[in-house]
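A short reminder: the numbers here are calculations on the coordinates, not readings from a lab. As the structure is a computational prediction, the values presented were derived from the model and not from experiment. As a convention, Cβ positions derive from the backbone with ideal geometry for all residues, glycine included, and neighbour counts pool all protein chains shown.
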Amino acid sequence: MQHGDLFTDAIGEGDSVVIIDGVYHQAPALRHKEILAATARGVRVIGAASIGALRAAELAPFGMLGVGSVFDAYMNGTIDGDDEVAVGQTPAGDCKALTWPVVNLRLALELARRSGVLDSVRADVLLEALRAVCYPQRTMGAVRAVCRRQGEAPFAKWLGEQRARDEHFADLKRTDALAAVRAALNDQSTSTACAQQQMWETAYFRRWSNAFARSHIDGLDLATADRLVYQQVFDQAFPMTWPAYLQHCSLRTTGSDPGQPLAMRLSHLTSGGLPAHSVFRPPVDLRDKVTVALLLARETPDDRLAVARYAEALAQAQRSRAGFCVEAVRNDLSRRMLLEAWDCPAERLDAEASARGLICGARAVEAAKRLVPGYLDESNSHMDKEFGDAR
């Protein structure tokens, strides 16, 4: 698993999720608050073997269930580093492990000690030598090379013989993973461990959940954040949509706040000379259906098709240009797009951005960068058409 995998409507209350391995080098790792959010909505989350065992040890007090020997070792302090379970994987995307994790080597050395191949001192020395090899380089060939350097070629030969008889010899992670799957299939073993918990909302968590929110409409699979920023940039009437959202937030009862009309709240804070959008800047939660309905009230089917085109233009730019990322889009291009779309002078950029819920010009420039490749594609197409018509 990786960051974002739990932000899906396919996982709901009463479901069980088993976390075993996860990527973390080539993509962001699964975050703790993603797991807390899942348990908060009634999902049973079980961890074992690898990053699952590590996260379970960290989140056991909050409802995550850990299974297996690796989890136990993290819990009792026998091991404490994430390097214990790290492995190198194939770049092709099938996530096949190419190297040995330390936890498996620990078990192999212990089995060799019990078989009289090594004594405790030699096993400890060899373990430290093997741990010193960086995890993506700890292949079976590297293990044999380290054993030879340490004068432990007989152990390497013994290990090879065991693996020839059983390809899963000393594969502790596999054993724990199977145990976790069995636990997930046994309601009795997990029903008391994954009670719903209070979910801690933070700005970071809200940003993650918004980034992974998706909409399935008109046969299109669209990022909800893309739909929103498209409206904020290209809907000329969005400055009327945003106050409706502010009114909704103002009327909403939260905690000790019973809610009150936006105008009344504004009059308590200002003398009436400031617009509401410059005073109130509530966070946007794109998981909330009412919020999405309010903010996208004026969206048309053509808008959604445009969002899909712009998303594809961005993806094409990322595929065709090495190292390209949204952040690398030039500020002046994004700024020019906004000024053209809003038909406003540069000195009005901050005010227009605020009226559209983008806070200020600088924030708007950053938010709109993901639209720039699509905008340039469309602009070039229009220019080509006009040039062709002129001929």
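A few points about this structure:
- Reachable lysines, given that their alpha-carbon falls under 16 Å from the alpha-carbon of K173 and they are not under 8 places away in the same chain: K96
- Mean Cα-pair separation over length for the chain, i.e. relative contact order, pairs under 8 Å, 6 or more apart, %: 13 percent
- Loop trypsin sites (Lys or Arg not before Pro), the range 1-53 (other Cβ atoms within 10 Å of the site Cβ: 16 or fewer; DSSP): R41
- The chain, dipole about Cα centre (Lys/Arg Cβ +1, Asp/Glu Cβ -1), debye to the nearest 20: 700 debye
- Most mobile listed residue (L107, L296, L338) in the chain, GNM with C-alpha springs under 10 Å: L107
- DSSP assigns beta bridges within the range 1-141; of those with both partners inside it, close to 10 percent run antiparallel.
- Backbone amide hydrogens, once placed in the peptide plane, bring V45 within less than 5 Å of V17, L65, excluding anything fewer than 5 places away on its chain.
- Karplus-derived HN-Hα couplings along the range 167-173 (A = 6.51, B = -1.76, C = 1.60, θ = phi - 60°), whole Hz, x at Gly and Pro: 5, 9, 4, 6, 8, 5, 4
- Exposure proxy order (Cβ contacts within 10 Å, fewest to most) of R363, R265: R363, R265
- Of the chymotrypsin sites (Phe, Trp or Tyr not before Pro) found in the range 304-379, the ones in coil according to DSSP and having at most 15 other Cβ atoms within 10 Å of their Cβ are F324.
- Segment K157..T300, full-extension length gain: 44.7 nm, with 0.36 nm per residue of separation and the alpha-carbon distance subtracted.
- Sorted into 10 angstrom bins from 0, the C-alpha pair distances of the range 214-389 split as 9, 33, 34, 17, 6, 1, 0 percent.
- Antiparallel DSSP beta bridges within the chain, as percent of all bridges there, nearest 5: 45 percent
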